[in-house]
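Here's the structure, in C-alpha coordinates; my notes come after.
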Amino acid sequence: MSRRAMEQPRRITDSFPRRLRRRGPGRPPGRLKDKKEKEKEKDKVQVKVRDSPRSPSQAPPDPALLEMLRRFDLTWEYGPCTGITRLQRWERAQELGLSPPGPIRDALLEHRDNPDITYSLWHEYEL
(Lines give C-alpha, C1' and ligand atoms only; values in the text may rest on other atoms or scores of the structure.)
Protein backbone atom coordinates (compact mmCIF):
# COMPACT_ATOMS: atom_id res chain seq x y z
CA MET A 1 0.00 0.00 0.00
CA SER A 2 1.36 3.41 -0.92
CA ARG A 3 2.03 6.05 1.67
CA ARG A 4 -0.53 8.41 0.10
CA ALA A 5 -3.30 5.79 0.39
CA MET A 6 -2.67 5.50 4.14
CA GLU A 7 -2.97 9.25 4.71
CA GLN A 8 -6.30 10.93 5.32
CA PRO A 9 -8.00 12.40 2.26
CA ARG A 10 -7.13 16.01 1.54
CA ARG A 11 -9.73 18.67 2.16
CA ILE A 12 -10.07 21.99 0.41
CA THR A 13 -9.43 23.75 3.71
CA ASP A 14 -5.99 22.09 3.92
CA SER A 15 -4.68 24.49 1.28
CA PHE A 16 -5.49 27.59 3.36
CA PRO A 17 -3.37 28.71 6.30
CA ARG A 18 -4.97 28.48 9.71
CA ARG A 19 -5.55 31.71 11.54
CA LEU A 20 -6.24 32.13 15.21
CA ARG A 21 -9.10 34.36 16.18
CA ARG A 22 -8.31 37.19 18.50
CA ARG A 23 -10.57 37.73 21.45
CA GLY A 24 -10.78 40.21 24.24
CA PRO A 25 -8.32 43.09 24.63
CA GLY A 26 -6.13 41.84 21.79
CA ARG A 27 -8.78 42.47 19.14
CA PRO A 28 -7.63 44.07 15.92
CA PRO A 29 -8.13 47.84 15.81
CA GLY A 30 -11.43 49.00 14.46
CA ARG A 31 -14.32 51.18 15.36
CA LEU A 32 -16.89 49.46 17.51
CA LYS A 33 -20.44 50.74 17.53
CA ASP A 34 -21.67 52.32 20.71
CA LYS A 35 -25.14 51.67 22.15
CA LYS A 36 -26.73 54.73 20.50
CA GLU A 37 -25.61 53.66 17.02
CA LYS A 38 -26.83 50.10 17.59
CA GLU A 39 -30.25 51.34 18.70
CA LYS A 40 -30.53 53.63 15.66
CA GLU A 41 -29.82 50.70 13.34
CA LYS A 42 -32.25 48.52 15.26
CA ASP A 43 -34.97 51.15 14.89
CA LYS A 44 -34.35 51.39 11.14
CA VAL A 45 -34.54 47.62 10.67
CA GLN A 46 -37.63 47.12 12.82
CA VAL A 47 -39.80 49.64 10.98
CA LYS A 48 -42.83 47.70 9.81
CA VAL A 49 -43.92 48.21 6.27
CA ARG A 50 -47.53 47.40 7.02
CA ASP A 51 -48.75 48.67 10.38
CA SER A 52 -52.47 48.85 9.67
CA PRO A 53 -54.60 45.96 8.44
CA ARG A 54 -57.13 46.34 5.65
CA SER A 55 -59.88 48.74 6.60
CA PRO A 56 -63.35 47.23 7.05
CA SER A 57 -64.73 49.33 4.18
CA GLN A 58 -62.44 47.61 1.65
CA ALA A 59 -63.81 44.57 -0.07
CA PRO A 60 -61.58 41.49 -0.14
CA PRO A 61 -59.49 41.35 -3.32
CA ASP A 62 -60.43 39.20 -6.28
CA PRO A 63 -59.02 35.65 -5.80
CA ALA A 64 -57.82 35.56 -9.43
CA LEU A 65 -55.86 38.78 -8.88
CA LEU A 66 -54.33 37.41 -5.68
CA GLU A 67 -53.34 34.23 -7.52
CA MET A 68 -51.68 36.28 -10.28
CA LEU A 69 -49.77 38.30 -7.67
CA ARG A 70 -48.80 35.13 -5.79
CA ARG A 71 -47.32 33.71 -9.01
CA PHE A 72 -45.41 36.98 -9.47
CA ASP A 73 -44.07 36.65 -5.90
CA LEU A 74 -42.95 33.09 -6.55
CA THR A 75 -41.17 33.90 -9.83
CA TRP A 76 -37.54 34.37 -8.81
CA GLU A 77 -36.68 35.61 -12.29
CA TYR A 78 -37.57 39.13 -11.08
CA GLY A 79 -35.32 39.03 -8.02
CA PRO A 80 -35.99 38.78 -4.28
CA CYS A 81 -39.16 40.29 -2.86
CA THR A 82 -38.49 40.47 0.87
CA GLY A 83 -38.52 43.90 2.40
CA ILE A 84 -39.97 45.76 -0.61
CA THR A 85 -43.41 46.27 -2.11
CA ARG A 86 -44.54 44.43 -5.20
CA LEU A 87 -44.46 47.67 -7.19
CA GLN A 88 -40.86 48.35 -6.12
CA ARG A 89 -39.94 44.82 -7.21
CA TRP A 90 -41.74 45.27 -10.53
CA GLU A 91 -39.96 48.58 -11.17
CA ARG A 92 -36.58 47.11 -10.25
CA ALA A 93 -37.15 44.21 -12.65
CA GLN A 94 -38.15 46.66 -15.39
CA GLU A 95 -34.99 48.74 -14.83
CA LEU A 96 -32.90 45.57 -15.10
CA GLY A 97 -34.57 44.68 -18.41
CA LEU A 98 -36.30 41.56 -17.09
CA SER A 99 -39.67 42.41 -18.70
CA PRO A 100 -42.08 41.87 -15.79
CA PRO A 101 -45.75 41.39 -16.76
CA GLY A 102 -47.62 44.63 -17.44
CA PRO A 103 -50.94 43.50 -15.89
CA ILE A 104 -49.15 43.15 -12.55
CA ARG A 105 -48.14 46.82 -12.60
CA ASP A 106 -51.63 47.89 -13.67
CA ALA A 107 -53.21 45.94 -10.79
CA LEU A 108 -50.70 47.32 -8.29
CA LEU A 109 -51.36 50.89 -9.35
CA GLU A 110 -55.13 50.36 -9.34
CA HIS A 111 -55.15 48.87 -5.80
CA ARG A 112 -52.40 51.03 -4.33
CA ASP A 113 -54.26 51.55 -1.03
CA ASN A 114 -54.93 47.84 -0.40
CA PRO A 115 -52.11 46.21 1.63
CA ASP A 116 -53.18 42.72 0.49
CA ILE A 117 -52.29 43.78 -3.06
CA THR A 118 -49.38 46.14 -2.37
CA TYR A 119 -47.22 43.82 -0.27
CA SER A 120 -45.76 40.47 -1.23
CA LEU A 121 -46.21 37.22 0.67
CA TRP A 122 -42.90 37.79 2.51
CA HIS A 123 -43.01 41.52 3.22
CA GLU A 124 -43.06 41.03 7.01
CA TYR A 125 -39.96 38.82 7.12
CA GLU A 126 -36.92 40.53 8.55
CA LEU A 127 -33.62 40.26 6.78
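If Lys and Arg each add +1 and Asp and Glu each add -1, what is the summed charge of the other residues whose beta carbon sits under 11 Å from the beta carbon of Pro100? Each step should come with its number before you reach the end.
On the way: positive: Arg86, Arg89, Arg92, Arg105; negative: Glu77, Glu91, Glu95.
With Lys, Arg at +1 and Asp, Glu at -1, the net is +1.
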Karplus (6.51, -1.76, 1.60) ³J(HN,Hα), θ = phi - 60°, over segment 105-110, in Hz, Gly and Pro reported as x: 4, 4, 5, 5, 6, 5
At 7 Å along the Cα-to-beta-carbon direction for both Arg10 and Asp106, put a label point, then send me their distance in nm to one decimal. 6.1 nm
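Could you work out what % of the accessible surface of segment 83-127 is carbon and sulfur, using a 1.4 angstrom probe and leaving DNA, RNA and ligands out of the count?
Whole-percent figure for carbon plus sulfur exposure: 49.
The values are calculated or read from the model by the stated rules, or taken from the named source; none is laboratory data. Remember, it's a predicted structure, so these values are computed and weren't measured experimentally. Glycine gets a Cβ as well: all are built from the backbone with ideal geometry, and neighbour counts include every protein chain shown. For accessibility, only protein heavy atoms count, side chains too; no ligands or nucleic acids. Shrake-Rupley method; radii C 1.70, N 1.55, O 1.52, S 1.80 Å.
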